[in-house]
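Engineer: Below are the C-alpha cells for one structure; questions will follow.
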Amino acid sequence: MLSEKSIVGVIGAGAMGSGITQVAASAGHSVFLFDAKEGAANNALKKTESSLNKLVEKGKMSQEDVTALCSRITVIDSLSGFASADLIIEAVVEILEVKKELFSALEKVVNASCILASNTSSLSVTSVAAACTNPERVIGLHFFNPAPLMPLVEVIPALQTKDGLAEDCKSLMQAWKKVPVIAKDTPGFIVNRVARPFYGESLKIVEEGIADMATVDAAMREKGGFRMGPFELMDLIGNDINYTVTETVWKQFYYDARFRPSLIQKKMVESERLGRKTGKGYYDYGENAVNPVAKTDDDLSSEIVIRVLAMLINEAADALYYKIATAEDIDLSMTKGVNYPKGLLKWADEIGLEKVLSILDSLYIEYHDDRYRASVLLRQMVRENKSFFN
Ligand code: NAI
C-alpha cells in the first residue's frame, strides 16, 4: 500500500522527471532522482531550486518550505540507489526498448513490493510490463507538462497489473493534490486520443483552403473559448512532438483514417520549423516578424468551431463507447489535462447530440472518408433520445 511515507524514485531528469520529482517532494516524500546523463540530475535539481526561489521572491512559498522540499530530493548515480524505493516513476526517452531494458534492470535492484510506473505518453504500458518478471507491479502514471502545474494524471493499469493497484495509485495522486483518472491501456490513453482532431481537423481545414491558420486559431480562441488556437498550441508543444504523437496513435490504431496525420505538419517537421523552440513554426517568432492576420467572418468562424468540436466530441464519445474511461473522467481529462473550456461530453449535451451527429454525417456524405464516421455510441444515443449526463 502506497502512503505519504513511501519512498519515491524518479528516473530521467528531463522536463517531466524533474517536474514529477518536485511534485512528489512537495507532497512530503523522500525522492531519489537518477539520470543516465552525467550531471543531468544535479542540474535539474538546481533548476527546480531556482524556480522555487522565484516563488519565494513572489511571496508564494516560504524559504523554509523550499529548503525542506529540496532536502527531500537525493540525486543518485546508479540504479542500485533505488533499493529502498516503494514506487519508481520512469520518465526517460519515449523508446519502448529503452523503457523495457530499464524496467528489467530495475527489478534486479528493487524490493519485491516496489511499484514500477511509466510516464509514457504513447507507448503500451502492457508492453513495458511484459519486460518484467513480476509485471503485476507495473502501471502507467501519465503526468502532463509542466507536471507541477497541470493537475491531471492518467492512471493506466496494464493488462497484467494487479487488481487494486490503480485505485491505490489514484489515492496517492489525490494526496499529491492531482486530479487522477483511470484509463484503459489503449493508444493515446484519454487525452492524446480524444484531442487529436483539435489539431488534425484544423490542419485539414487549412489544407483544403477553407480558412487560413490565423483565422482557425482566432475562431477556436474567440468563438470556441479555447485558451490557444491549434496552430499556436502546436508551435508551443513543438511540431516534432505533436506530429510523433499523432503518427504513433494513428499507427497503433491500425491506420484508422480518423487519426490520419497531416502532410502540412510533416513538412513543418522536415523543414525543422518546430515552433517556438526553433523560432519558427506555423508562425514566425523572430523580431520584426510579420504574421498572418485572422479574417473576421462570423459565419466562417462558427463553421470552423462546430466542425472541429463535432470531431472532438466524436472521439470523446468513442472513447466512452470502448470504455477507455468513464464519462466524468473523459470530461475531467480534457479540462484538467489540456485546459479545454468545457468537458466535451457535457458540451455535446449542450449542443444537442442530434446536431453533432448531423454535422458528422454531412461531412461523411461529402467526403466519403472513414475519418468522418460517427461513433456508434453517438448514433445509438440519438436514436434513444439520450444525453451523456442526467
Ligand atoms: P526529456 O528528453 O526532457 O528527458 C529525458 C531524460 O531521460 C533525459 O535527461 C535523459 O538523459 C534521460 N534518460 C534517457 N535514457 C535514460 C535511461 N536509460 N536511464 C536514465 N535516464 C535516461 O524527456 P521528457 O519530455 O521529460 O519525456 C520523458 C517521458 O515523459 C517520455 O516517455 C515522454 O513521452 C513522457 N511525457 C512527456 C511529456 C512532455 O510534454 N514532454 C508529457 C507527458 C509525458
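Engineer: Using the Kirkwood radius built from alpha carbon pairs, what does the Stokes-Einstein equation give as D for the range 191-390 at 20 °C and 1.002 mPa s, in µm² per second?
Structural biologist: The estimated diffusion coefficient comes to 124 µm²/s.
Engineer: Related question: Please report Ser3, Ser51 as a ranked list, fewest other C-beta atoms within 10 angstrom at the top and most at the bottom. It would help to have the intermediate numbers written out before the result.
Structural biologist: Values: Ser3 11, Ser51 14.
Ascending Cβ contact count within 10 Å gives the list Ser3, Ser51.
Engineer: Below 8 Å, C-alpha to C-alpha, sequence gap of six or more: please give me the relative contact order for the chain in percent.
Structural biologist: 12 percent
Engineer: Under the 0.36 nm per residue contour assumption, what length would be gained going from the current alpha-carbon distance of Asn111 and Asn385 to full extension?
Structural biologist: Details: separation 274, 0.36 × 274 = 98.64 nm, distance 5.36 nm.
Additional length available on full extension: 93.3 nm.
Engineer: Rank these for me by crowding, Arg276, Arg196, going from fewest to most other beta carbons within 10 Å.
Structural biologist: Ascending number of Cβ neighbours within 10 Å: Arg276, Arg196.
Engineer: Hull surface divided by four, with the convex hull built on the Cα atoms of the range 250-356: how many nm²?
Structural biologist: Projected area, direction-averaged: 9.5 nm².
Engineer: Mean-square fluctuation check for the chain, GNM, Cα pairs under 10 Å: which of Ala36, Ala310, Ala183 is largest?
Structural biologist: Per the Cα network of the chain with a 10 Å cutoff, Ala36 tops the list.
Engineer: Let me know the longest stretch in the chain that avoids all chymotrypsin sites (Phe, Trp or Tyr not before Pro) found in a DSSP loop with at most 14 other C-beta atoms within 10 Å. All intermediate terms of the calculation are to be shown ahead of the outcome.
Structural biologist: Working: sites that count: Tyr254, Tyr255, Tyr285, Tyr322, Phe389.
After excluding every exposed loop site, the longest remaining stretch is 1-253.
Engineer: Still on this structure: Given points 7 Å out from each Cα along the Cα-Cβ axis, report the Ile95 to Thr133 separation in nanometres with one decimal.
Structural biologist: If labels sit at Ile95 and Thr133, their model points lie 2.6 nm apart.
Engineer: Mind giving me the nanometre distance, one decimal, between the label points for Lys46 and Ser78, set 7 Å out from Cα along Cα→Cβ?
Structural biologist: 2.5 nm
Engineer: Taking just the alpha-carbon atoms of the chain, what radius of gyration and Dmax come out, in angstrom?
Structural biologist: 21.9, 64
Engineer: Listed here are the pairs Lys37/Lys99; Lys223/Lys280; Lys46/Lys277; Lys60/Lys177; Lys100/Lys170; which of them are more than 19 Å apart at the Cα? Walk me through the numbers before you get to the answer.
Structural biologist: Numbers: Lys37/Lys99 15 Å; Lys223/Lys280 26 Å; Lys46/Lys277 22 Å; Lys60/Lys177 17 Å; Lys100/Lys170 24 Å.
Result: Lys223/Lys280; Lys46/Lys277; Lys100/Lys170 exceed 19 Å.
Engineer: Can you pull the three principal axis extents for the Cα set of the range 214-284, in Å, largest first?
Structural biologist: Over the range 214-284, Cα extents along the principal axes are 35, 28, 16 Å.
Engineer: Is there a pair in Lys162/Lys184; Lys108/Lys184; Lys5/Lys178; Lys178/Lys386 whose C-alpha atoms are over 20 Å apart, and which pairs would that be?
Structural biologist: Lys108/Lys184; Lys178/Lys386
Engineer: Limiting things to C-alpha atoms, what are the Rg and the maximum Cα-Cα separation (Dmax) for the range 150-246, in angstroms?
Structural biologist: In order Rg, Dmax, the Cα atoms of the range 150-246 give 17.1, 51 Å.
Engineer: With θ set to phi - 60° and the Karplus curve 6.51 cos²θ - 1.76 cosθ + 1.60, what are the ³J(HN,Hα) couplings of the range 61-78 in order, to the nearest whole Hz, using x for Gly and Pro?
Structural biologist: 8, 8, 4, 4, 5, 5, 4, 5, 4, 5, 5, 7, 9, 10, 7, 10, 10, 7
Engineer: With runs of 4+ DSSP H residues as the only contributors, calculate the mean residue ellipticity of the chain at 222 nm using -39,500 (n - 2.57) per run, divided by the residue total and rounded to the nearest 500.
Structural biologist: Computed mean residue ellipticity for the chain: -14500 deg cm²/dmol.
Engineer: Give the distance, in whole Å, between the Cα centre of the range 9-51 and the Cα centre of the range 181-235.
Structural biologist: With the range 9-51 and the range 181-235 each reduced to a Cα centre, they are spaced 31 Å.
Engineer: Once the principal axes of the Cα atoms of the range 8-185 are found, what is the range along each, listed largest first in whole angstroms?
Structural biologist: Principal-axis extents of the range 8-185 (Cα, largest first): 47, 33, 26 Å.
Engineer: Give the calculated FRET efficiency between Leu159 and Glu350 to the nearest 0.05, with a Förster radius of 22 Å applied to their Cβ-Cβ distance. Intermediate values should be presented prior to the final figure.
Structural biologist: Working: r = 36 Å, r/R0 = 1.65.
That pair, Leu159 with Glu350, gives E of 0.05.
Engineer: I've got another one for you. Pop the C-beta distance of Lys251 and Lys323 into the FRET formula with R0 = 30 Å and round what comes out to the nearest 0.05.
Structural biologist: Efficiency at R0 = 30 Å is approximately 0.85.
Engineer: Using the 10 angstrom Cβ neighbour count as an exposure proxy, how do Met220, Met381 rank, fewest first?
Structural biologist: Ranked by crowding around the Cβ, least crowded first: Met381, Met220.
Bear in mind these aren't lab numbers, they're just calculated from the coordinates by the rules spelled out. Just so it is clear, the structure is predicted and the values come from calculations on it, not from any experiment. Here the Cβ is made from the backbone with ideal geometry for all residues, glycine too, and neighbour counts use every protein chain on show.
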